[in-house]
Ligand SMILES: [Zn+2]
(Lines give C-alpha, C1' and ligand atoms only; values in the text may rest on other atoms or scores of the structure.)
Protein backbone atom coordinates (compact mmCIF):
# COMPACT_ATOMS: atom_id res chain seq x y z
CA UNK A 1 0.00 0.00 0.00
CA UNK A 2 1.29 3.40 -0.90
CA UNK A 3 0.47 6.73 0.49
CA UNK A 4 0.57 9.86 -1.50
CA UNK A 5 2.65 12.51 0.19
CA UNK A 6 0.53 15.32 1.44
CA UNK A 7 -2.62 13.43 0.66
CA UNK A 8 -4.30 13.22 -2.68
CA UNK A 9 -5.76 16.43 -3.84
CA UNK A 10 -8.83 16.41 -5.92
CA UNK A 11 -9.09 18.82 -8.73
CA UNK A 12 -12.54 20.18 -8.69
CA UNK A 13 -13.63 21.48 -12.01
CA UNK A 14 -16.08 24.23 -11.62
CA UNK A 15 -18.43 25.02 -14.39
CA UNK A 16 -19.40 28.28 -12.89
CA UNK A 17 -16.83 30.99 -13.18
CA UNK A 18 -17.25 33.69 -10.61
CA UNK A 19 -17.36 36.99 -12.38
CA UNK A 20 -16.18 39.38 -9.77
CA UNK A 21 -13.40 41.29 -11.39
CA UNK A 22 -15.43 43.41 -13.73
CA UNK A 23 -13.78 41.67 -16.63
CA UNK A 24 -15.45 40.51 -19.74
CA UNK A 25 -15.83 36.81 -20.18
CA UNK A 26 -13.24 35.87 -22.80
CA UNK A 27 -15.25 33.32 -24.70
CA UNK A 28 -17.81 35.32 -26.58
CA UNK A 29 -20.64 33.21 -27.81
CA UNK A 30 -22.05 33.63 -31.24
CA UNK A 31 -25.55 33.31 -32.54
CA UNK A 32 -26.80 32.14 -35.88
CA UNK A 33 -30.40 33.06 -36.37
CA UNK A 34 -32.09 31.25 -39.20
CA UNK A 35 -34.50 34.13 -39.62
CA UNK A 36 -31.58 36.16 -40.91
CA UNK A 37 -30.94 33.73 -43.69
CA UNK A 38 -32.77 33.77 -46.95
CA UNK A 39 -35.01 30.75 -46.97
CA UNK A 40 -38.43 29.74 -48.06
CA UNK A 41 -39.23 27.70 -45.03
CA UNK A 42 -39.62 30.53 -42.52
CA UNK A 43 -37.36 28.67 -40.21
CA UNK A 44 -36.92 30.30 -36.83
CA UNK A 45 -34.11 28.23 -35.45
CA UNK A 46 -31.48 29.99 -33.41
CA UNK A 47 -28.16 28.36 -32.72
CA UNK A 48 -25.88 29.74 -30.05
CA UNK A 49 -22.47 28.68 -28.87
CA UNK A 50 -18.86 29.16 -29.63
CA UNK A 51 -18.10 30.23 -33.14
CA UNK A 52 -16.90 26.92 -34.47
CA UNK A 53 -19.78 25.07 -32.89
CA UNK A 54 -22.32 27.42 -34.32
CA UNK A 55 -20.82 27.39 -37.79
CA UNK A 56 -20.80 23.64 -37.83
CA UNK A 57 -24.28 23.21 -36.45
CA UNK A 58 -25.69 25.88 -38.71
CA UNK A 59 -24.05 24.38 -41.78
CA UNK A 60 -25.40 20.95 -40.91
CA UNK A 61 -28.80 22.43 -40.28
CA UNK A 62 -28.73 24.32 -43.56
CA UNK A 63 -27.83 21.12 -45.34
CA UNK A 64 -30.35 18.86 -43.66
CA UNK A 65 -33.27 21.23 -43.39
CA UNK A 66 -32.77 23.75 -46.16
CA UNK A 67 -31.21 21.51 -48.74
CA UNK A 68 -28.00 23.49 -49.05
CA UNK A 69 -24.75 21.80 -49.85
CA UNK A 70 -22.56 21.74 -46.77
CA UNK A 71 -19.48 23.24 -48.35
CA UNK A 72 -16.63 25.36 -47.03
CA UNK A 73 -18.22 28.28 -48.84
CA UNK A 74 -21.47 27.78 -47.00
CA UNK A 75 -19.63 27.69 -43.72
CA UNK A 76 -17.86 30.91 -44.61
CA UNK A 77 -21.19 32.55 -45.32
CA UNK A 78 -22.57 31.29 -42.04
CA UNK A 79 -19.54 32.58 -40.19
CA UNK A 80 -19.98 36.04 -41.66
CA UNK A 81 -23.56 36.20 -40.51
CA UNK A 82 -22.92 35.31 -36.93
CA UNK A 83 -23.89 37.81 -34.33
CA UNK A 84 -22.61 38.26 -30.83
CA UNK A 85 -24.83 36.71 -28.26
CA UNK A 86 -26.46 39.18 -26.01
CA UNK A 87 -25.76 37.89 -22.58
CA UNK A 88 -28.89 37.46 -20.56
CA UNK A 89 -28.58 39.66 -17.48
CA UNK A 90 -25.60 38.80 -15.37
CA UNK A 91 -27.55 38.10 -12.27
ZN1 LIG B 1 -33.27 26.84 -40.64
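The values are calculated or read from the model by the stated rules, or taken from the named source; none is laboratory data. This one's a predicted model, so the numbers in the text were calculated from it and none came from an experiment. Don't worry about glycine lacking a Cβ; one is built from the backbone with ideal geometry, like all the others, and counts go over all protein chains shown.
Values computed for the structure shown
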| item | result |
| --- | --- |
| Selection from the stretch 49-73 of residues that are touching a residue at least 24 places away in the same chain (Cβ under 8 Å) and more than 16 Å from the chain's Cα centre (by Cα) | 62, 65, 66 |
| Among (1) under 13 Å from residue 78 (Cα atoms); (2) modelled with pLDDT under 95; (3) buried (at least 16 other Cβ atoms within 10 Å of the Cβ), the one test that residue 29 misses | (1) |
| Of all residues in the stretch 32-50 being in a helix (DSSP H, G or I) and closer than 13 Å to residue 77 by Cα, the one that is nearest to the ligand (Cβ to nearest atom) | 34 |
| Qualifying position, being at pLDDT below 95 and surrounded by 13 or more Cβ atoms within 10 Å (Cβ to Cβ), among 77, 36 | 77 |
| Residues that are in a helix (DSSP H, G or I) and more than 16 Å from the ligand (Cβ to nearest atom), drawn from the stretch 54-78 | 72, 73, 76 |
